[in-house]
Amino acid sequence: MSNIKSKVGQKIKFFRRKIGVTQEALAEKANISVDFLSLIERGRNAPSLESLEKIANALSIKVSELFAD
């Protein structure tokens, strides 16, 4: 598993839980499938830049926050 995919997935999961939404709710808001979001959060899939932007917008954060340590 790629370390960067894992870290980005963990960040998405962190911010999602921080605002208290389910994967289903975030996926709907970001206009992506729940299965895809789940794979991203587990570090199994690498989202495109477009998908990262959709997810960040749905989380009300900047894309750069997904890469910050």
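The values are calculated or read from the model by the stated rules, or taken from the named source; none is laboratory data. Just so it is clear, the structure is predicted and the values come from calculations on it, not from any experiment. No Cβ is skipped: glycine too gets one built from the backbone with ideal geometry, and neighbour counts run over all protein chains shown. SASA here: full protein model, heavy atoms, side chains in, ligands and nucleic acids out. Shrake-Rupley method; radii C 1.70, N 1.55, O 1.52, S 1.80 Å.
In square angstrom, rounded to the nearest 10, how much accessible surface does Val63 have for a 1.4 Å probe?
50
When the helices in the chain are scored as -39500 (n - 2.57) per DSSP H run of 4 or longer and the sum is shared across all residues, what 222 nm value do you end up with, to the nearest 500 deg cm²/dmol?
The helix-only estimate for the chain comes to -18500 deg cm²/dmol at 222 nm.
Counting only heavy atoms of the protein chains, get the accessible area per residue of the chain (1.4 Å probe) and round it to a whole Å² value.
Using a 1.4 Å probe on heavy atoms only, each residue of the chain averages 64 Å².
Charges at C-beta only: +1 for Lys and Arg, -1 for Asp and Glu. How large is the resulting dipole of the chain about its Cα centre, in Debye rounded to 20?
Working: 12 positive and 8 negative charges, 49 e Å.
Around 240 debye, computed over the chain.
Take the alpha-carbon positions of the chain, form their convex hull, and give its projected area averaged over all directions (one quarter of the hull surface) in nm². Don't skip to the end; give the middle numbers.
Numbers: hull surface 15.5 nm².
Its Cα hull, projected and averaged over all orientations, spans 3.9 nm².
So what J values fall out for the range 14-25 if you push phi through Karplus, 6.51 cos²θ - 1.76 cosθ + 1.60 with θ = phi - 60°, rounded to Hz, Gly and Pro as x?
4, 5, 4, 5, 4, 8, x, 10, 7, 4, 4, 5
If you roll a 1.4 angstrom probe over the protein chains with everything in place, what fraction of the accessible area of the chain belongs to carbon and sulfur, to the nearest %?
For the chain, the apolar C and S fraction of the accessible surface comes to 50 percent.
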